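The values are calculated or read from the model by the stated rules, or taken from the named source; none is laboratory data. Only a predicted model underlies this, so the values are computations on that prediction, with no experimental measurement involved. Note that each Cβ is placed from the backbone with ideal geometry, even for glycine, and that neighbours are counted across all protein chains shown.
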Amino acid sequence: MIEKRPSTCRLCSAYCPVVVTLDSGTVVKVEGNHDAPLYGGFICPKGRALPALHNNPDRLLTSMKRQPDGSYTPIPTDVAIAEIAEKLGQIIAEHGPRSVAGFIGNPSIEQVATTPVMLSLLRAIGSPMFFTMATLDQPNINVAEALHGKWEGGRMRPETLDLFVIVGGNPVISKQYFGQNPGIQIKQMMKAGTKLLVIDPRRSETARRATLHLQPIPGEDATIAAGLVHLIIEMGAVNRDFVEQNAKGLAELRQAVAPFTPAYVAERAGVPEEQLRAAAQLIAEAERCNIGTGTGTSMTGRGTLASYMFNCLQTLRGFWAGEGDEMLYSPVLLPPASPRAQPRDPIPPTGWGEKMRVRGLEQSVAGLPAAALPDEILTPGEGRIRALFAHAGVMRTMPEEERTHKAFRSLDLMVTHDVTMSPTALVSDYVLASTIAFEVPVISFIPELNSVLHPGYGYPDPFGSLQPALVEVPKGADVIDSWRLYYRIARHLGLQLRCGSLFATDGRPLDMENEPATEDIYACIADGSAVPLERIKQYPNGNVFEDARTRIGAREPGCTAQLDLGNAEMMADLATMAAEDVAMRRGTNAEYPLLLIPKRMQNVTNGTMRLEADRLRVATNPAFLHPDDLAVHGLAPGDLAELRSRHGMIEVVVEADADLRPGVLAIAHGFGRAPGQVGDTRRHGSNVNKLTSLTDDADRYSGMPRMGAIPVSLTKLRAAA
Ligand SMILES: Nc1nc2c(c(=O)[nH]1)N[C@H]1C(S)=C(S)[C@@H](COP(=O)(O)OP(=O)(O)OC[C@H]3O[C@@H](n4cnc5c(=O)[nH]c(N)nc54)[C@H](O)[C@@H]3O)O[C@H]1N2
Ligand SMILES: Nc1nc2c(c(=O)[nH]1)N[C@H]1C(S)=C(S)[C@@H](COP(=O)(O)OP(=O)(O)OC[C@H]3O[C@@H](n4cnc5c(=O)[nH]c(N)nc54)[C@H](O)[C@@H]3O)O[C@H]1N2
Ligand code: SF4
Ligand SMILES: [Mo]
């Protein structure tokens, strides 16, 4: 029997509405959903390939237990959970709750109930050791907001803008800043007169559409931001009224950016001075604008300073949503909000919880520093982490693969969930086979939650949806929605779990007698939501709830809060930057002539969608270079080469990309096999995190190391077959 049912793709945070064709319960086709609002029927090739993911012959259908010789044998899921719970009980009894840690990464986009239930278990145990990928992604955004202060009204809505500035991001591919059909969103915005300024060393898919594209040397975003601030002040383009009412520190800022003259910045960042001035002119002329930074900025060093300076630029121009404006991300599943057109004072960026035993790191506004995790495991002594629950592709996505691997293998207990025997599964003691895509009910929570954490996510109109699971798990499969692991462990250990809105500590108690349904966990997440779940459920394609549109209120008469333009640490960083030896800082030389930068590819999301022989045909992560650079290295597209950094070496397939700035090598992460596994570069790609270090140039607040603008060398190995 053929039927078509609405659902949502969860392979990335864009959460595109889809229509799934089922043939007697098997997923045979996935298309965009034209009956769903906001997205205009958009779907990307990964969404269309979901049937292949569902029907993947390599799918993990039973849980696995690692044997002493490193091999894996199937184990019934309930037996695995009982064994894990017993081991965990022993570890806690012997070493205390801090020896147990959880780690949440991107798979939580698909398994939305995992985070609240894992967190609830850690709280019930008494462990503060909850890590997420956020501190290896864009923690600079949260830290910069803490240092600068937050504008309660948030950012201006895209359709009202004269100018959108994208720095170190590529929304056309990543969907960050334009989550619903980015191509159309950007096209419509520009048709209505909005200009687009893109700053990227690559003429990216987004840069191609830009009114103006600056193509700088990687790692200079903070320099460019300082230069733009310098110019805006010099041009007399500061919004005096806004700054007088809402900000302090202008004098300090003016002084700190004095060295960042257009000539200095242009020379240092490798952009023509006229282009830098033209960019400042666009910003000075705009009445309404939004400046968004992406992973290019966060990974390539000085991300915090760059984001802080771009926030200062927004404040200098008064680019924040004003009284009467509609809020950019009105709550639907989150509790109602009543933001006002006023600032909130800066808050301390760190000091929010557990201190690490390594490198003086501690919980920041972006969470516990994930880059400290391997050393927290490896460093002996009281409180050492001995058990780790990971819902992420950490073996490929954490910096410094070798050290990360050593740490994971020295745990007493490592548990992960997976849908294949991925590299992360292959270093774990237990691998819990989990449900996938349309086997899991879906709620529009992730984009909304992300809107609280990052300005590039969320539904610009108050959209909500809740859709049931569409298919049964395959016959004979022993797989679970991954949150059940944590629930069942709690039951084994006699612990009461609680779950609530935004993962509240005082959420409501879960029924520990009768195991809840996944929808019950979603209901907890939606506790106190702006739009009741009962209403949301009534719309199979999702709905925009007009009555949930929230307007920004007037400033409170007694408001004395001020945004800070002159944070002392940021001003000191500007001074350091102005005084440093640029070549030393950059680290390129005759031995390491190229700068490696991160990029996202259309047909994969980090480490997901790696199917043998699937029609997306992404097997490897090529190293892209400008054709002139290929020629200099005696390389032709398709050749194999050795790519070396000061921290490690990988084999790569090289490809030409004339859109890259010469001297830059762009490569995606999330590839390669598990340590020790034999790999074929052309079939499996290589792990870029063999080239990174957990401690290289780490951010003092989040501990995030440099994961881009890495000096590398390239040597030819073999010509293309
Ligand atoms: N060098 C370098 N490192 C990076 C980055 C970079 O740019 N450069 N980017 C960083 C960033 S921003 C991020 S967010 C992280 C991402 O890193 P992670 O958060 O680790 O995310 P993924 O690689 O997407 O995780 C995918 C893995 O999850 C497994 N998986 C487990 N459970 C499920 C499930 O229920 N469903 C599905 N479909 N898969 C499951 C899949 O097998 C796959 O191996 O990487 C970070 N690391
Ligand atoms: N198709 C697809 N979509 C994804 C993902 C994916 O893997 N695939 N991953 C998801 C995740 S986890 C995240 S965090 C988001 C990230 O979303 P984005 O931050 O938009 O990520 P990218 O698309 O890699 O864009 C980063 C851009 O920064 C540029 N860049 C590199 N170095 C520098 C630099 O020093 N300065 C400047 N100005 N630019 C630089 C790169 O050339 C690239 O075009 O995307 C999400 N969406
Ligand atoms: S993978 Fe593609 S179809 Fe799926 S949510 Fe992301 S952009 Fe949408
Ligand atoms: Mo990310």
Next item on the list: Might you check whether a residue that is closer than 29 Å to Asp564 by Cα and in contact with a Cys (Cβ under 8 Å, 6 or more places away or on another chain) occurs anywhere in segment 148-156?
Entry: yes
Margin query: within 10 Å of ligand 2 (Cβ to nearest atom), in the same structural domain as Asn246 (by TED's automatic domain parsing) and crowded, with 21+ Cβ neighbours inside 10 Å: is that true of Ala207 in this structure?
Written below: yes
Notebook entry, point to check: Is at least one residue of segment 352-368 of a type in the set (A, V, I, L, M), over 30 Å from Arg586 (Cβ atoms) and more than 18 Å from the chain's Cα centre (by Cα)?
Noted result: no
Check: Can you tell me which residues in segment 11-25 are in a loop (DSSP other than H, G, I, E, B), buried (at least 22 other Cβ atoms within 10 Å of the Cβ) and more than 16 Å from ligand 4 (Cβ to nearest atom)?
Finding: Cys16
Note to self: Among the residues of segment 554-567, are any more than 30 Å from Pro262 (Cα to Cα), surrounded by 14 or more Cβ atoms within 10 Å (Cβ to Cβ) and aliphatic (A, V, I, L, M)?
What the structure shows: yes
Note to self: I'd like the residue in segment 124-151 that is more than 21 Å from Ala504 (Cβ to Cβ) and assigned to a loop (DSSP other than H, G, I, E, B) and, out of all such residues, is farthest from ligand 2 (Cβ to nearest atom).
What the structure shows: Gly149
Next item on the list: Would you check if Ala49 is small (Gly, Ala, Ser) and not assigned by TED's automatic domain parsing to the domain that holds Gly494?
Entry: yes
Notebook entry, point to check: Can you find a residue in segment 389-404 that is farther than 30 Å from Arg644 by Cβ and either within 16 Å of ligand 3 (Cβ to nearest atom) or in contact with a Ser or Thr (Cβ under 8 Å, 6 or more places away or on another chain) (or both)?
Noted result: yes
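For the condition under 30 Å from Tyr539 (Cα atoms) and either in contact (Cβ under 8 Å) with a residue 60 or more places away in the chain or not β-branched (Val, Ile, Thr) (or both), what is the one hit in Ala477, Ala469?
Residue meeting the stated conditions: Ala469.
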Note to self: If I ask for residues that are at negative phi, surrounded by fewer than 20 Cβ atoms within 10 Å (Cβ to Cβ) and not aromatic (Phe, Trp, Tyr), which ones from segment 351-362 would you list?
What the structure shows: Glu354, Lys355, Arg357, Val358, Glu362
Check: Of all residues in segment 150-185 being in contact with a strand residue (DSSP E or B) (Cβ under 7 Å, 6 or more places away or on another chain) and hydrophobic (A, V, I, L, M, F, W, C), which is surrounded by the most Cβ atoms within 10 Å (Cβ to Cβ)?
Finding: Ile166
Note to self: Whether any residue in segment 163-172 is small (Gly, Ala, Ser) and within 16 Å of ligand 3 (Cβ to nearest atom) is what I want to check.
What the structure shows: yes
Next item on the list: Find all pairs meeting these conditions: Cβ atoms under 7 angstrom apart; at least six residues apart or on different chains; first residue within segment 10-32 and under 13 Å from Pro447 (Cβ atoms); second residue at pLDDT below 95 and of a type in the set (D, E, K, R).
Entry: Arg10/Glu110
Next item on the list: Scan segment 565-599 for residues that are farther than 18 Å from Gly303 by Cα and either touching a residue at least 24 places away in the same chain (Cβ under 8 Å) or in contact with a His (Cβ under 8 Å, 6 or more places away or on another chain) (or both) and jot them down.
Entry: Thr588, Asn589, Glu591, Tyr592, Pro593, Leu594
Notebook entry, point to check: Mind checking whether some residue in segment 680-687 is of a type outside the set (D, E, K, R) and in a helix (DSSP H, G or I)?
Noted result: yes
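Among the residues of segment 29-47, is there at least one that is farther than 30 Å from Gln188 by Cα and crowded, with 17+ Cβ neighbours inside 10 Å?
Scanning segment 29-47 turns up no residue that is farther than 30 Å from Gln188 by Cα and crowded, with 17+ Cβ neighbours inside 10 Å.
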Notebook entry, point to check: When residues of segment 31-48 are filtered for being within 8 Å of ligand 3 (Cβ to nearest atom) and among the hydrophobic types (A, V, I, L, M, F, W, C), how many remain?
Noted result: 3
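Okay, residues lined up against (1) without any contact (Cβ under 8 Å) to a residue 12 or more places away in the chain; (2) under 20 Å from Leu565 (Cα atoms); (3) in contact with a Lys or Arg (Cβ under 9 Å, 6 or more places away or on another chain); (4) not assigned by TED's automatic domain parsing to the domain that holds Val229:
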residue: Ala247; (1), (2), (3), (4): no, yes, no, no
residue: Glu252; (1), (2), (3), (4): no, yes, no, no
residue: Leu276; (1), (2), (3), (4): no, no, no, no
residue: Ala284; (1), (2), (3), (4): no, yes, yes, no
residue: Gly292; (1), (2), (3), (4): no, yes, yes, no
residue: Thr300; (1), (2), (3), (4): no, no, yes, no
residue: Ser307; (1), (2), (3), (4): no, yes, no, no
residue: Thr315; (1), (2), (3), (4): no, yes, no, no
residue: Trp320; (1), (2), (3), (4): no, yes, yes, no
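Kindly check whether there is at least one residue in segment 140-152 that is within 16 Å of ligand 3 (Cβ to nearest atom) and either closer than 30 Å to Leu368 by Cβ or not assigned by TED's automatic domain parsing to the domain that holds Thr8 (or both). Before the answer, list the steps.
Filtering segment 140-152 down to residues within 16 Å of ligand 3 (Cβ to nearest atom) leaves none.
Among the residues of segment 140-152, not one is within 16 Å of ligand 3 (Cβ to nearest atom) and either closer than 30 Å to Leu368 by Cβ or not assigned by TED's automatic domain parsing to the domain that holds Thr8 (or both), which makes the answer no.
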Check: For His54, which of the numbered conditions (1) surrounded by fewer than 23 Cβ atoms within 10 Å (Cβ to Cβ); (2) away from ligand 3 (no atom under 16 Å from the Cβ) fails to hold?
Finding: (2)
Next item on the list: Could you tell me whether any residue of segment 156-175 is in contact with a His (Cβ under 8 Å, 6 or more places away or on another chain), within 16 Å of ligand 4 (Cβ to nearest atom) and part of a loop (DSSP other than H, G, I, E, B)?
Entry: no
